[in-house]
Every structure is written in structure tokens, then in C-alpha cells.
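What follows is a set of notes on a single structure, which appears directly below.
The values are calculated or read from the model by the stated rules, or taken from the named source; none is laboratory data. All values derive from a computational prediction rather than experimental measurement. Calculation scope for accessible area: heavy atoms of the full protein, side chains included, ligands and nucleic acids excluded. Shrake-Rupley method; radii C 1.70, N 1.55, O 1.52, S 1.80 Å.
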Amino acid sequence: MTMTLRPGVVTADTEYGMALLDQSSGEYYTLNPTAAVIVRALLDGTTTDQAVTTLTDQYDVAAEQVEEDIARILQELRDARLLTG
């Protein structure tokens, strides 16, 4: 799944993960380091399965937990209207 941010939403790496800024509303959102890895991977065109593998290789976590985390993060981004489509 390729994830695309809505026009006017920009990202910035931070000391603690990533920030997303919605330039039209001025609102910003912060992501912890794990969520930032997921978002970066999906923005780069990585599939969900590849993102799961990346996270399970990097952290001591079950694939099912990563899949749930990815689904939750994507839903939160959709709910905040930060994604296209």
C-alpha cells in the first residue's frame, strides 16, 4: 500500500520521531519513533508486509502487533484528514 499525504501536509524528522504539519489548518501531529518508522516506510512506497518485516526485524514485537499498529496509525491519519483518498 502506498501512502500519500494530502497536499499541504509536510513532515519533519524530530529528535523524538516525526512531526506532521497541516499547513492549511496550522495543526501539527507528533509521531513516536516507531510510528515514524512506519510512516516513513509507507511514504517511501514500502508495502504493509515489508513494513511489518522491517519493524519485527528492528524490534522485539510480534507481526500481529505491528499489523494492528499500522492499521491504527493509518486510521488516525485518515481521521485527521492528512492522507489523500
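Under Stokes-Einstein, with the Kirkwood radius over Cα pairs as Rh, the value for the chain at 20 °C and 1.002 mPa s is 164 µm²/s. Rolling a 1.4 Å probe over the protein heavy atoms leaves Glu64 with an accessible area of roughly 120 Å².
Only helical runs count toward this figure. For the chain, summing -39,500 (n - 2.57) over DSSP H runs of n ≥ 4 and dividing by all residues gives -14500 deg cm²/dmol at 222 nm.
Just to make sure I understand: if all protein chains stay in place, what is the order of Arg81, Arg72, Arg6 by accessible area at 1.4 Å, largest first?
From most accessible down to least: Arg81, Arg72, Arg6.
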